[in-house]
Amino acid sequence: MIHLLFAEDDKSWLMSFFNQWGNAASVIGLVITLIGFGLILRGQWKIRRATEETVRRVALQVAAAELGTILRLSTGVREANVQGQYELALYQCREAGSSAQSLSHNPHIDEGHSQALRDAALDLGKIVKHMVGQRSKHGKLAALTPYQARRLEAVITILADMNGRMQNAVLEV
Amino acid sequence: MTTREQFVGTLGKLLEATRAKQLAWKETAEEGVYRASFKKATVEVGRFEDEEVEQHYLQARLYNKNNAVVEEIKGSLSNGNTKEPSPLLRALYELARDSALRPEDLLKSIEDELMSAQRQQ
């Protein structure tokens, strides 16, 4: 009986405690849960943003490195042409053209750069076509025409400009 | 409507846009060939020589994003018996050349230079 009375007393004390503090605890708990959820979301957003920035930085670095290679190959065409190494010029021109075409599909470079790379690939392709045409007509490769040498110079200028911009973009990301 | 007819229609629109100076053409690595670049395609118009028959002709080419030719229209320059739209190609070629080479700017600069020389005398 004593135990029963004590138990009932204890239960009523607990009930009274729950009744007194239950609603407040629920509200505080809800607020803490909402704050925690917000903090988790913020953390997740920060992680996602940092990951995206890293991916973009790496992609731009890869694109900048690829563009540097295309630029070196294009200047190589110019030098090989001047030195009369036409087979080397043809090889480098083909490589530069196909690499420019490939890089134009990179989703991390802007539309203007993509168009410029497609244009460069078309121009390098025209130079290759001219060289191959000369070989089939005369049996050997010949120098670029002065017009084509000028256009190659224009392509190199555009690629060099893009390379500079892309290097800066890598640093800014 | 076939793709060819659609391309002819597009060339007409390019002609109007070039005439209105809304579209700029650029030189290419092939002399006498001019290019207009778009987001998903490239159009070239130019004067070519068929070495086998020693005949010049105008041609417009449509390239996709992979720089593959997806449509081309050829129009003979030296005779009029072609069914291709030579007047359109000729007009587009001339406007594209003017847009790329800007001869009017050069002529204006010469005129300006002459005017300033006359003023100084």
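Test A:ALA80 against the stated conditions and say whether it is away from chain B (no Cβ under 14 Å), under 16 Å from A:ARG151 (Cα atoms), modelled with pLDDT of 95 or more and assigned to a helix (DSSP H, G or I). So A:ALA80 passes the test.
Looking across the range B:11-65 at every residue that is among the polar types (S, T, N, Q), over 21 Å from A:ILE158 (Cβ atoms) and surrounded by 16 or more Cβ atoms within 10 Å (Cβ to Cβ), the one that is farthest from the other protein chains (Cβ to nearest Cβ) is identified as B:THR18. Taken over the range A:63-84, the criterion of being without any contact (Cβ under 8 Å) to a residue 12 or more places away in the chain and under 18 Å from the mean Cα position of the chain (by Cα) is satisfied by A:ALA65 alone.
Okay, residues lined up against (1) of a type in the set (A, V, I, L, M, F, W, C); (2) farther than 30 Å from A:ALA169 by Cα; (3) modelled with pLDDT under 85:
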position: A:GLY29; (1), (2), (3): no, yes, no
position: A:GLY38; (1), (2), (3): no, yes, no
position: A:LYS46; (1), (2), (3): no, no, no
position: A:ALA64; (1), (2), (3): yes, no, no
position: A:ALA89; (1), (2), (3): yes, yes, no
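Of the residues in the range A:132-173, how many are touching a Ser or Thr at 6+ places or on another chain (Cβ under 8 Å) and surrounded by fewer than 15 Cβ atoms within 10 Å (Cβ to Cβ)? Of the residues in the range A:132-173, 0 are touching a Ser or Thr at 6+ places or on another chain (Cβ under 8 Å) and surrounded by fewer than 15 Cβ atoms within 10 Å (Cβ to Cβ). Checked across the range A:134-143, the condition of being in a helix (DSSP H, G or I) and at pLDDT 90 or above holds for no residue.
The values are calculated or read from the model by the stated rules, or taken from the named source; none is laboratory data. Fair warning: this is a prediction, and the values are worked out from it, not measured in the lab. Neighbour counts are summed over all protein chains in view; Cβ atoms, including those assigned to glycine, are modelled from backbone coordinates with ideal geometry.
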